[in-house]
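The values are calculated or read from the model by the stated rules, or taken from the named source; none is laboratory data. Quick caveat: nothing in here was measured; it's all calculated off a predicted structure. Cβ: placed from backbone, ideal geometry, glycine included. Neighbour counts: every protein chain shown.
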Amino acid sequence: MSATPSPVSQPAVLALRPVKLGPFTLEHPFILAPMAGITNSPYRRLMRRMGSALMVSELISANGMEYASQRTLGMLKFHEEERLLGHQIFGDTTENLIRGAQKVEEFGANFVDLNLGCPVPKIVKKGAGAAMCRNPAQLEKVLKAMVESVKIPVTIKIRTGWDDSARNALEVIQAAHQAGITWVAVHGRTRAQGYSGEADWEFIGNLKAKSPLPIIGNGDLSTAERAVERMTTYGVDAVMIGRGALRNPFIFRQAQALWEGRTAPVTTLNDYLELLQSQRETLKGYFSPKLAALHARKFLAWYSAGFPGGSEFRRNVFTLVQEEDLWAEARGFFERSWRTRDFRHLAEPFLMGGHG
Ligand SMILES: Cc1cc2nc3c(=O)[nH]c(=O)nc-3n(C[C@H](O)[C@H](O)[C@H](O)COP(=O)(O)O)c2cc1C
């Protein structure tokens, strides 16, 4: 018998390599990044089906939970299919954040994530989001109080720093470690950069080399190849993919395949038809037909980037009111155009604003 592994056994051997993140074992290290107005329950269900290894909700106001706003509490509900799932909260007082974390635990999420990267002026002015990282000593106290208030893991998502002159992410990570935080996701830009420039992966790699905590790298992973390349070059524990998944919902499957030493599966018409069917189904159970159509249009516009006839399709879907017409139009569009996509569009910057 030959000792050389057959080509078929090779991926299986690599696939056995478990990815440990805190107490969780993941199928692979590719995770959908939290995005406000986007990573709601239906989209998380969809992306779980599309292969994201872990889910994080859009940011939820801990202050809102304090006043038990129906909208905020609604955001805490989720479908079992979404697991492993963490809810992300933000807030400006330790008391609200403690209560927020406890509410997340009460609703049954697997972990609670604190948003420490939001650059939006309305939020940082109140001392929440990225502003909390300006004083790591104070932050450590807040984090410790949160960790002590719940049994589930507490995680954080940060930026590299406030601005170029204050890239203090390592200090923040050390404070988080002292406080008992489970992992840190790092978007490789400063608060001052917003979404301009490029994510600094050298900086993320340096943080990983020095960090006592698992590091999830994030920023500008527009293709599966790039996601795998960043994983291997910088040795991070996992990566988060945000906007890249909006234009290419198959990115997680592709990255997993490459990670396991296989060729990335080529996307077929059937993949698109299944995606549309799945998205329709998950939206339907959650939103009114009108709201479902509104959400669907947004996603269809992202999915169609780079396909021939994409701009005409986007114009059309924004005029269609009936949900049924919208999905019929989308099926027709992908049936006509799925074979030829200009992939340069995937790397073009878009959605240059958000909460982290
Ligand atoms: C529309 C939008 C909304 C976002 N909302 C959140 C959020 O609620 N919480 C958060 O931590 N990050 C949020 N982000 C930041 C993303 O999680 C991610 O850090 C950022 O987009 C960079 O990753 P990407 O280049 O893969 O998109 C948002 C980004 C976008 C584009």
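Examine segment 295-318 for a residue that is in a helix (DSSP H, G or I), in the same structural domain as P29 (by TED's automatic domain parsing) and touching a Leu at 6+ places or on another chain (Cβ under 7 Å), and state whether such a residue exists.
The answer is no, given that none of the residues of segment 295-318 is in a helix (DSSP H, G or I), in the same structural domain as P29 (by TED's automatic domain parsing) and touching a Leu at 6+ places or on another chain (Cβ under 7 Å).
Determine, yes or no, whether F343 is away from the ligand (no atom under 16 Å from the Cβ) and modelled with pLDDT of 90 or more.
Considered against the rule, which asks whether it is away from the ligand (no atom under 16 Å from the Cβ) and modelled with pLDDT of 90 or more, F343 comes out as no.
Kindly provide the set of residues from segment 193-218 that are more than 15 Å from the ligand (Cβ to nearest atom) and among the small types (G, A, S), ordered by number.
Passing the criteria: G205, A209, S211.
How many of the residues making up segment 93-133 are more than 14 Å from the ligand (Cβ to nearest atom), in a loop (DSSP other than H, G, I, E, B) and not aliphatic (A, V, I, L, M)?
Number satisfying all stated conditions: 7.
For W162, indicate whether it is within 12 Å of the ligand (Cβ to nearest atom), assigned by TED's automatic domain parsing to the domain that holds V120, more than 21 Å from G100 (Cα to Cα) and not aliphatic (A, V, I, L, M).
So W162 fails the test.
Those residues that are in a loop (DSSP other than H, G, I, E, B) and either hydroxyl-bearing (S, T, Y) or within 13 Å of the ligand (Cβ to nearest atom) (or both), I need them from segment 55-90; list them, please.
Y67, S69
Based on what the data block shows, is A347 surrounded by fewer than 21 Cβ atoms within 10 Å (Cβ to Cβ), small (G, A, S) and under 22 Å from the mean Cα position of the chain (by Cα)?
When the stated conditions are applied, A347 passes them.
Taking the conditions exactly as written (among the small types (G, A, S), touching a helix residue (DSSP H, G or I) at 6+ places or on another chain (Cβ under 9 Å) and farther than 27 Å from E80 by Cα), does S304 satisfy them or not?
yes
Considering (1) farther than 25 Å from K125 by Cα; (2) without any contact (Cβ under 8 Å) to a residue 60 or more places away in the chain, say which one A179 fails and leave the rest.
Among (1) farther than 25 Å from K125 by Cα; (2) without any contact (Cβ under 8 Å) to a residue 60 or more places away in the chain, A179 violates only (1).
Conditions (1) assigned by TED's automatic domain parsing to the domain that holds G306; (2) over 21 Å from the mean Cα position of the chain (by Cα); (3) of a type in the set (D, E, K, R), marked per residue:
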position	(1), (2), (3)
A169	no, no, no
A175	no, yes, no
D200	no, no, yes
I215	no, no, no
S222	no, no, no
E229	no, no, yes
A255	no, no, no
